[in-house]
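The values are calculated or read from the model by the stated rules, or taken from the named source; none is laboratory data. Bear in mind the structure is a predicted one, so any value in this text is a computation, not a measurement. As a convention, Cβ positions derive from the backbone with ideal geometry for all residues, glycine included, and neighbour counts pool all protein chains shown. Only protein heavy atoms, including side chains, enter the accessible area calculation; ligands, DNA and RNA are left aside. Shrake-Rupley method; radii C 1.70, N 1.55, O 1.52, S 1.80 Å.
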Amino acid sequence: MAPKKAKRRAAAEGGSSNVFSMFDQTQIQEFKEAFTVIDQNRDGIIDKEDLRDTFAAMGRLNVKNEELEAMIKEASGPINFTVFLTMFGEKLKGADPEDVILGAFKVLDPDGKGSVKKQFLEELLTTQCDRFTPEEVKNMWHAFPPDVAGNVDYKNICYVITHGEDKEGE
């Protein structure tokens, strides 16, 4: 079974014709719009300067060269639209399915309420494993504000992680 997986992966990495079948037309159009925003000099290739300019446009100045180079090195070569789409396809393939993420949250919710306390979740996210920075915590609470009782709806978080947008926003 491992050789088949290796062949499939090699085909996915080398054969760009399959990448368009991974997404529907709406998604491809959204990725094309994102690519166009990032390709600041409009030469059809995303390079280090495009990334620097994009960060600057978002208000993040003084991005380190090493950080930009690390991003560029994630691609096997120049980042044209097909490579860009392939990179997103690979990232999305690595995401856990919604039920797996829900199962992880349910461990923190023995009563099955569908929510966890903000303070508890924040403590876990800032003290365990790949720790959240204060800025990441702030961004999370901005995206997923707790209710007045301090409860966080983890089902919505799981949905957004796996589908990319808020249920209510559809």
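Taking the numbered list (1) at pLDDT below 90; (2) in contact with an Asp or Glu (Cβ under 9 Å, 6 or more places away or on another chain); (3) crowded, with 16+ Cβ neighbours inside 10 Å in turn, residue 88 passes all entries but (2). Within segment 52-73, being within 25 Å of residue 163 (Cα to Cα), exposed (fewer than 11 other Cβ atoms within 10 Å of the Cβ) and modelled with pLDDT of 90 or more holds for no residue.
The single condition among (1) in contact (Cβ under 8 Å) with a residue 60 or more places away in the chain; (2) part of a helix (DSSP H, G or I) that residue 35 does not meet is (1). Restricting to segment 16-29, and then to whatever is surrounded by 11 or more Cβ atoms within 10 Å (Cβ to Cβ), over 12 Å from residue 81 (Cα atoms) and free of Cβ contacts under 8 Å to residues at least 60 places away in the same chain, can you tell me which residue is nearest to the chain's Cα centre (by Cα)? Top of the filtered list is 27.
With respect to residue 97, determine if the residue is closer than 24 Å to residue 19 by Cβ, within 17 Å of the chain's Cα centre (by Cα) and surrounded by fewer than 16 Cβ atoms within 10 Å (Cβ to Cβ). Don't jump to the end; show me each part of the working.
Numbers: closer than 24 Å to residue 19 by Cβ: yes; within 17 Å of the chain's Cα centre (by Cα): yes; surrounded by fewer than 16 Cβ atoms within 10 Å (Cβ to Cβ): yes.
In short, yes.
Do we have any residue at all in segment 73-80 that's under 27 Å from residue 47 (Cβ atoms), among the hydrophobic types (A, V, I, L, M, F, W, C), without any contact (Cβ under 8 Å) to a residue 60 or more places away in the chain and out of contact with any strand residue (DSSP E or B) (no Cβ under 7 Å at 6 or more places or on another chain)? Taking every residue of segment 73-80 in turn, at least one turns out to be under 27 Å from residue 47 (Cβ atoms), among the hydrophobic types (A, V, I, L, M, F, W, C), without any contact (Cβ under 8 Å) to a residue 60 or more places away in the chain and out of contact with any strand residue (DSSP E or B) (no Cβ under 7 Å at 6 or more places or on another chain).
Could you tell me how many of the residues in segment 113-148 are assigned to a loop (DSSP other than H, G, I, E, B) and open to solvent by 60 Å² or more (accessible area, probe 1.4 Å)? Even if it seems obvious, please write down each step before you answer.
Taking segment 113-148 and keeping what is assigned to a loop (DSSP other than H, G, I, E, B), we get 113-114, 128-133, 144-148.
Pick out the ones that are also open to solvent by 60 Å² or more (accessible area, probe 1.4 Å) and you get 113, 128-133, 145, 147-148.
The qualifying residues number 10.
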